[in-house]
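Right, one structure below, let's go through it.
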Amino acid sequence: MSRSGQAFLATLTRLGIGGVEDLLFELPLRYEDETRRVPIGALSGGQTSLVEATIELADIRYTPRRQLLCRVSDGTGFLNLRFFHFHEAQRGALQRGDRIRAFGTCRMGMGGPEFIHPRYQVFRAETLPPLRDRLTPVYTRRKGVGSKRIARLVETALELLRKGELELVDRLPREHLSGWIQSTLLDALEHIHAPPPGISPQDLSERLTPFRQRLALEELLAHAHSLRKIRSEWIRTRSFPLTIESGALDRFMTSLPWRLTAAQLRAWQEIARDLERPIPMLRLLQGDVGSGKTVLAALTAFVTVQNQGQAAVMAPTELLVNQHAKTFHEWLDPHGVPVRSLHARLTRKERREVLEELGSGLPCVVLGTQSLFQGDVAFPRLMSIIIDEQHRFGVEQRLNLADKGSLRPHQLIMTATPIPRTLAMSLYTGLDQSRIDELPPGRIPVATTVLPETRRSELVARLPSLCQTGQQVFWVCPRVEDTETGGGRAVETAWGELRAACPDLRLGMIHGRMDSRERQRIVEDFQAGGLDILVATTIIEVGVDIPRANVMVIDGAERLGLLQLHQLRGRVGRGTEGGQCLLIYGPLSPEARARLEVLRKTTDGFVIAERDLEIRGPGEIWGTRQSGGLSFRIADLFRDRELLTLIPETVQQMEAEHPEGVAPLIQRWLGTDLRYGQA
Ligand code: ADP
Ligand code: MG
């Protein structure tokens, strides 16, 4: 490696980026086209474009919010640039007669087309510098490093790789995949980070497909290899064969408020069989939202404690931990099974007490988020781990298992992400799988209605009478800021409006910037029936179960993907009354329209996942999503299903012919998240 290569790597390290691979395998979120200018007269609403014009005026206005308004023209029309957040100096720099280059999303306002918070540059000279000759990638900010900075780093990295001053090994066994690989790794990365101009956003996704697939294939291979390694290590270890005493189990089952469905029973039998064996269980449990996975976690925990063991239940959010804690107490307290939870509201002293109990080997169930299980927690009698809605395997390594010798706890991973069985099979070879393929009886499908924004006030006017009948309403706002264009209200705005419109209703609001205790208090209040409407950001997405809340309003539904909408909708209609889902939408792209249509027609998670793939919008090139236990950066189990069929054979070939490449491949894609092999 050359000196400049080394200097570059040192820069990355300083910024907290773990190397060239770490930098380059983080793909752009989307692209902006700054390669051509659009005449103002040709702008259309909703489109993002670059405009070159002359400044006519720049003024601070109060209409009604304080804002900086800059009016520009280019001979084909006038355009308003609006800024709600600005510095005084900014206005001074916008001088009448100067040239300006502005990049923004056009909205048709009262006074003609406008850009809200555009990116711009002012020029004194008549002739402007040339436009960019590549599409501009936009990256997710990482650890304080912004998109622009990342873009420059990526550019430098690609240049150094081209000159051979840095190295990136191509790890695909090309001889076996020749029909599939049409480019080198470097080519693929260059196309993806700096696509050539002249491609419309619609075509971009298609043009980048072979390059994307090139990377997706590597990623899928890396995952498959690592799962194999985990598995082979797994079956070499021993676990605690648990005894299932049928009398106690029956008593527990009959004490539940309902009987298990046939699907739940089937899944339980599969789990129970694993638990009785001296080999650690490694099972993935799939079931749509609301299918009733929690009780299987409880059964596993119950049996574990009956065997004098400790069971750890991990959930992704505090909200869920608290909800599970409530459910587990209800179900397990009557049977004398101790339930503990490591939530953020514990005082130091309380936490220490729980840790002491755990450390002393008290047979119990412990609930917490992943972070709460790190570091100082010891479980001398940990016999089973249940992971709810998490997207990572191998979590057991994070637990303090030092004293365990070679005995491994059983592991159950629960997920609502729908993956067709055949797909799951090719990737998770060797991983045991169960699924709950029916919903508890008596569920009436949630009635879904879509409403244009113009009918929002009508809906708001209906709220008081809805709530008088005892209904509770989730009002979810996907929009983050009021300054964004498009439909929906940001959470605080919606809350203010609803409060003004329904003064007699009890409203609560939760959002991510809030203290987690405060948030929890409000959710509990809602759960207990103390609130009529819970106005929230999408943080309530995962797993919250409030049977009395039967109405879900999504304010700005066009902003969310299908699976997200499906998850949200799954929050209601869990009681015996049919739920209602009301989707308020703003201006619709054709994809957004198609998405809402799908939701109106079906409640089947698998169908929705399929359709989601077919109707991704042009901006959604990567659109990676969580896929049942694995989270991918690039690959998508639905879109890349063809590639998946290549995986089992390719994995074997690599192991036979290029065994030395396996570990670096896993390292490249999965870093240290997944430990593989003991060595
Ligand atoms: P998920 O699979 O989304 O985690 P939950 O375990 O939260 O689903 O269950 C959803 C709701 O269904 C809960 O209110 C739960 O009490 C209820 N439930 C679970 N199993 C049954 C069943 N067999 N019969 C009736 N209701 C059930
Ligand atoms: Mg759940």
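The values are calculated or read from the model by the stated rules, or taken from the named source; none is laboratory data. A quick note: this is a predicted structure, and the numbers were derived from the prediction, not measured. Counting neighbours? That spans all protein chains shown, and the Cβs are built from the backbone with ideal geometry, glycine included. Side chains included, ligands, DNA and RNA excluded: accessible areas come from the protein's heavy atoms. Shrake-Rupley method; radii C 1.70, N 1.55, O 1.52, S 1.80 Å.
Of all residues in the range 31-55, those satisfying the criterion of being of a type outside the set (Ser, Thr, Tyr), touching a Pro at 6+ places or on another chain (Cβ under 8 Å) and open to solvent by 30 Å² or more (accessible area, probe 1.4 Å) are Asp33, Arg36, Gly45, Gly46. Scanning for something assigned to a loop (DSSP other than H, G, I, E, B), of a type in the set (A, V, I, L, M) and either modelled with pLDDT of 90 or more or surrounded by fewer than 22 Cβ atoms within 10 Å (Cβ to Cβ) (or both), does the range 225-240 turn up at least one residue? There is no residue in the range 225-240 that is assigned to a loop (DSSP other than H, G, I, E, B), of a type in the set (A, V, I, L, M) and either modelled with pLDDT of 90 or more or surrounded by fewer than 22 Cβ atoms within 10 Å (Cβ to Cβ) (or both).
For the range 292-394, which fully contained helices (runs of 4 or more DSSP H) count at least 2 residues that are within 20 Å of Arg408 (Cβ to Cβ) and touching a Gly at 6+ places or on another chain (Cβ under 8 Å)?
Result: empty, no element qualifies.
Among the candidates Glu270, Glu330, single out the residue that is open to solvent by 20 Å² or more (accessible area, probe 1.4 Å) and closer than 27 Å to Gly361 by Cα.
Values: Glu270 fails: closer than 27 Å to Gly361 by Cα.
After applying the criteria, what remains is Glu330.
Here Thr294 clears all of (1) polar (S, T, N, Q); (2) under 28 Å from Leu355 (Cα atoms); (3) more than 9 Å from ligand 1 (Cβ to nearest atom) except the condition numbered (3).
Which is out of contact with any helix residue (DSSP H, G or I) (no Cβ under 7 Å at 6 or more places or on another chain) and under 24 Å from Gly586 (Cα atoms), of Gly112, Gly97, Gly92? Steps first, answer last, please.
Working: Gly97 fails: under 24 Å from Gly586 (Cα atoms); Gly92 fails: under 24 Å from Gly586 (Cα atoms).
So the residue among Gly112, Gly97, Gly92 that is out of contact with any helix residue (DSSP H, G or I) (no Cβ under 7 Å at 6 or more places or on another chain) and under 24 Å from Gly586 (Cα atoms) is Gly112.
Filtering the range 154-176 to residues that are more than 30 Å from Ala7 (Cβ to Cβ) and open to solvent by 10 Å² or more (accessible area, probe 1.4 Å) leaves Arg174, Glu175, His176.
None of Val169, Val154 is more than 17 Å from Leu27 (Cα to Cα) and among the β-branched types (Val, Ile, Thr) except Val169.
Could you tell me whether Ala344 is within 16 Å of ligand 1 (Cβ to nearest atom) and either touching a residue at least 40 places away in the same chain (Cβ under 8 Å) or on the phi > 0 side of the Ramachandran plot (or both)?
Judged against the criteria, Ala344 is not a match.
Residue count for the range 253-282, restricted to those that are away from ligand 1 (no atom under 14 Å from the Cβ), in a helix (DSSP H, G or I) and touching a helix residue (DSSP H, G or I) at 6+ places or on another chain (Cβ under 9 Å): 3. Do we find that Thr127 is of a type in the set (S, T, N, Q) and farther than 22 Å from Gly586 by Cβ in this structure? Yes. Figure legend. Inter-residue proximity from the range 287-299: first residues under 18 Å from Gly442 (Cα atoms), second residues open to solvent by less than 20 Å² (accessible area, probe 1.4 Å) and part of a helix (DSSP H, G or I), beta-carbon distance below 6 Å, spacing 6+ or different chains. Indicated pairs: Asp288/Gly605; Gly292/Gln264. Taking the criterion of being more than 16 Å from ligand 1 (Cβ to nearest atom) and either on the phi > 0 side of the Ramachandran plot or over 26 Å from the mean Cα position of the chain (by Cα) (or both), the residues of the range 297-332 that qualify are Val303, Thr304, Val305, Gln306, Asn307, Gln308, Gly309, Gln310, Ala311.
Out of Leu320, Leu256, one residue alone is in contact (Cβ under 8 Å) with a residue 24 or more places away in the chain and buried (at least 18 other Cβ atoms within 10 Å of the Cβ). It is Leu320.
Residue-by-condition table, conditions (1) touching a Leu at 6+ places or on another chain (Cβ under 8 Å); (2) of a type in the set (S, T, N, Q); (3) part of a loop (DSSP other than H, G, I, E, B):
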site	(1), (2), (3)
Phe8	yes, no, no
Pro28	no, no, yes
Glu34	yes, no, yes
Gly46	no, no, yes
Ala53	yes, no, no
Leu81	yes, no, no
Thr105	no, yes, no
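State the number of residues belonging to the range 55-77 that are touching a strand residue (DSSP E or B) at 6+ places or on another chain (Cβ under 6 Å) and in a loop (DSSP other than H, G, I, E, B). It would help to see each step written out before you state the result.
So in the range 55-77, the residues touching a strand residue (DSSP E or B) at 6+ places or on another chain (Cβ under 6 Å) come out as 55-61, 67-74.
Checking the rest, the ones that are also in a loop (DSSP other than H, G, I, E, B) come to 74.
Going through the range 55-77 one residue at a time, the tally reaches 1.
Scanning the range 95-117 for residues that are open to solvent by 10 Å² or more (accessible area, probe 1.4 Å) and in contact with a Cys (Cβ under 9 Å, 6 or more places away or on another chain) turns up just one, Pro113.
Total residues in the range 273-321 satisfying the condition of being away from ligand 2 (no atom under 16 Å from the Cβ), modelled with pLDDT of 95 or more and of a type in the set (Val, Ile, Thr): the figure is 3.
Conditions (1) in contact with a strand residue (DSSP E or B) (Cβ under 7 Å, 6 or more places away or on another chain); (2) within 30 Å of Leu166 (Cα to Cα); (3) at pLDDT 90 or above, marked per residue:
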residue	(1), (2), (3)
Leu27	no, yes, no
Glu88	no, no, no
Arg101	yes, no, yes
Met110	no, no, no
Glu114	yes, no, yes
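Val395 satisfies every condition listed in (1) at pLDDT below 80; (2) open to solvent by 20 Å² or more (accessible area, probe 1.4 Å) except (2).
Do we find that Leu285 is of a type outside the set (Asp, Glu), more than 28 Å from His511 (Cα to Cα) and buried (at least 23 other Cβ atoms within 10 Å of the Cβ) in this structure? Don't jump to the end; show me each part of the working.
Values: of a type outside the set (Asp, Glu): yes; more than 28 Å from His511 (Cα to Cα): yes; buried (at least 23 other Cβ atoms within 10 Å of the Cβ): yes.
When the stated conditions are applied, Leu285 passes them.
Let's see how each residue does on (1) surrounded by fewer than 17 Cβ atoms within 10 Å (Cβ to Cβ); (2) touching a Ser or Thr at 6+ places or on another chain (Cβ under 8 Å); (3) part of a helix (DSSP H, G or I):
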{"residue": "Ser178", "(1), (2), (3)": "yes, no, no"}
{"residue": "Ser183", "(1), (2), (3)": "yes, no, no"}
{"residue": "Asp187", "(1), (2), (3)": "yes, no, yes"}
{"residue": "Ile192", "(1), (2), (3)": "no, no, yes"}
{"residue": "Pro195", "(1), (2), (3)": "no, no, no"}
{"residue": "Glu206", "(1), (2), (3)": "yes, no, yes"}
{"residue": "Pro210", "(1), (2), (3)": "yes, yes, yes"}
{"residue": "Arg214", "(1), (2), (3)": "no, yes, yes"}
